[in-house]
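Everything on this sheet refers to the single structure shown next.
The values are calculated or read from the model by the stated rules, or taken from the named source; none is laboratory data. These figures come from a predicted structure and were not determined experimentally. Note: ideal-geometry Cβ built from the backbone for every residue, glycine included; neighbour counts use all protein chains shown. Surface accessibility is based on the protein's heavy atoms, side chains included, excluding ligands, DNA and RNA. Shrake-Rupley method; radii C 1.70, N 1.55, O 1.52, S 1.80 Å.
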Amino acid sequence: MPDKKTHFETDAIRIQTPTTGEREHSTPLYMTSSFTFESAEHARAMFAKEIEGNVYSRYSNPNTDEFIAKMCRMEGADMGVATSSGMAGVFGCLAGILNQGDHVLASRSLFGSSHQILSQILPRWGISFTYADVGQTDSWEELIKPNTKMLFLETPSNPGLDLIDLEWAGNLAKAHNLIFVVDNCFATPYLQRPIEFGADLVQHSATKFIDGQGRAIGGVIVGSETYMEKIQFFTRHTGPALSPFNAWLFSKSLETLPVRMDRHCDNAETLAGFLGVHKNVNFVKYPFHKDHPQIELAMRQMEGGGGVVCFEIKGGYEKATSFIDNIKILSRSANLGDTRTIVTHPASTTHSKLTEEERELVGITPGLIRIAVGLENSADIVGDVKQALE
Ligand SMILES: *Cc1c(COP(=O)(O)O)cnc(C)c1O
């Protein structure tokens with residue numbers, strides 16, 4: 001394993017499980033549910049944790065270990081856990097740590113299923129929450145209660161691409177002794193590392209840019225040992241382990257994360273530039289586009305704007321849905337972080353479960369379109385969007 005002086009791109013490739021006797025160059029797939037012991041004494045010592053090593057793949061496996069080791073290095077974390085989906089990770093961060101009576105302060109602009117966990121599942125165990133609006137961070141401090149234990153947020157937000165100042169949030173969390181959790185799925189550690197700004201835990205849906213090719217579902221949580229120990233205990237015993245096969249895919253994918261993210265950012269910037277001046281567009285939102293009201297903050301805490309662009313089409317719901325229908329090359333899907341560019345109409349799909357008022361609060365207007373920009377030639381992406389707009 002490379003020492004800490006190597007760079008992000010090198011770590012993404014060179015952090016590797018030690019080779020087997022076959023001297024293979026690329027880490028093989030360890031598709032095994034359990035591991036053997038050399039003797040009764042060896043088994044006893046492993047169970048007693050006197051010797052480290054793999055026992056059972058719900059606990060650890062060389063493929064998941066490699067994936068976790070890379071993610072820890074990339075995010076600057078002590079320890080990590082890989083999960084069967086991004087949502088198993090979100091649930092692990094919350095249920096692995098919080099107790100009955102605790103309260104969570106969460107950004108209102110959260111992924112849909114995270115919203116369901118906070119509002120429908122955790123209250124059954126006496127864990128409550130309050131939403132804070134991304135556009136009104138002045139009021140967040142007043143929302144902290146004596147029993148608030150955690151600050152949970154996503155930045156950039158989905159699909160509105162509003163940003164939360166991570167340094168400010170980190171200081172707020174520290175001042176009130178809150179566990180600070182960031183879902184960093186939209187940015188990836190290549191573009192944003194929340195731990196540098198005071199986050200205790202960082203959570204990812206590996207399904208998105210980490211896999212990057214639309215093949216597999218998975219997640220990962222990394223952070224400080226204090227909290228990760230609890231989360232590891234929770235996930236090891238409740239069982240949302242990542243499959244070794246998916247871990248193997250994700251670790252291979254991380255090798256190309258930097259080059260893929262550079263291209264996602266380039267293509268997204270080109271598309272945002274095109275949309276920003278189009279007569280049928282009310283506004284475009286992209287963290288590194290000159291019209292983004294928080295571009296300065298974006299440049300302070302992100303190293304690129306990411307792969308998602310949103311815009312509001314003139315003509316509302318009707319024009320938005322006909323735009324989706326007129327797309328020829330790009331995909332109509334609800335995913336993001338794929339090689340293939342995906343167009344989504346959030347109001348009628350990903351965010352249709354919210355009331356109109358709730359959508360208004362997070363900026364999801366009837367004419368809003370989200371484009372998860374892929375790795376095709378940017379002229380073809382812009383060309384398809386242009387013909388569908390016109
Ligand atoms: C997709 C997504 C999730 C959920 O991840 P799954 O892998 O689909 O379970 C959580 N948070 C964000 C921001 C996401 O985009």
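Of the chymotrypsin sites (Phe, Trp or Tyr not before Pro) found in the range 298-390, no site is in coil according to DSSP while having at most 11 other Cβ atoms within 10 Å of its Cβ. The length gained on full extension between residue 360 and residue 380, counted as 0.36 nm times the residue separation minus their Cα-Cα distance, comes to 4.0 nm. Residues whose amide H comes within less than 5 Å of that of residue 282, counting only those at least five positions distant or on another chain, are 312, 313, 314 (H built at 1.01 Å from N in the peptide plane).
In this structure the amide hydrogen of residue 132, modeled in the peptide plane, comes within under 5 Å of the amide hydrogens of 106, 107, 108, none closer than 5 places in sequence on its chain. Applying both filters, DSSP loop and at most 16 other Cβ atoms within 10 Å, to the trypsin sites (Lys or Arg not before Pro) of the range 315-368 gives 328, 340, 353.
Among 113, 205, 34, the largest mean-square fluctuation in a Gaussian network model of the chain, built with springs joining Cα atoms closer than 10 Å, belongs to 34.
Beta bridges assigned by DSSP with both partners in the range 1-158 are antiparallel in approximately 10 percent of cases. When +1 charges are put on Lys and Arg Cβ atoms and -1 charges on Asp and Glu Cβ atoms, the dipole computed for the chain relative to its Cα centre reaches about 620 debye. Its Cα gyration tensor gives the range 321-390 an equivalent ellipsoid, and the semi-axes of that ellipsoid, as √(5λ) in whole Å with the largest first, are 23, 13, 9. With R₀ set to 56 Å, the beta-carbon distance separating residue 295 from residue 233 gives a calculated FRET efficiency near 0.85. By accessible area, using a 1.4 Å probe on protein heavy atoms only, the chain has 51% of its surface on carbon and sulfur. In whole angstrom, the range 264-309 maps to an equivalent ellipsoid with semi-axes of 18, 12, 6, each derived as √(5λ) from the alpha carbon gyration tensor and ordered largest first. Using the rule -39500 (n - 2.57) for each DSSP H run of four or more residues, divided by the residues of the chain, the 222 nm mean residue ellipticity is -10500 deg cm²/dmol. Using a probe of 1.4 angstrom and keeping all protein chains present, the accessible surface of the range 257-389 works out to 45 square angstrom per residue. Per residue, the accessible area of the range 62-172 comes to 34 Å² when a 1.4 Å probe rolls over the protein heavy atoms. Dipole size of the range 238-390 about its Cα centre, with +1 on Lys/Arg Cβ and -1 on Asp/Glu Cβ: approximately 160 debye, rounded to the nearest 20.
Here is the list for the range 44-74: GluC sites (Glu not before Pro) lying in DSSP coil, each with at most 11 other C-beta atoms within 10 angstrom of its C-beta, are 50, 52. Counting only DSSP beta bridges whose two residues both lie in the chain, roughly 55 percent are antiparallel. Of the residues 62, 18, 240, the one that moves most in a GNM of the chain with alpha-carbon contacts below 10 Å is 18.
Diffusion coefficient (Stokes-Einstein, Kirkwood radius over C-alpha pairs, 37 °C, 0.692 mPa s) for the range 257-389: 221 µm²/s, rounded to a whole number.
For the chain, the Kirkwood radius over C-alpha pairs fed into Stokes-Einstein at 37 °C and 0.692 mPa s yields D = 151 µm² per second.
Round to the nearest 10 and give me the degree value, 0 to 90, for the angle of helix 316-326's Cα axis relative to the longest principal axis of the chain. The two axes meet at around 70 degrees.
FRET efficiency for the residue 387 to residue 352 pair, using the beta carbon distance and R₀ = 25 Å, is estimated at 0.40. Using 0.36 nm per residue and subtracting the Cα-Cα separation, the extra length available between residue 340 and residue 278 on full extension is 20.0 nm.
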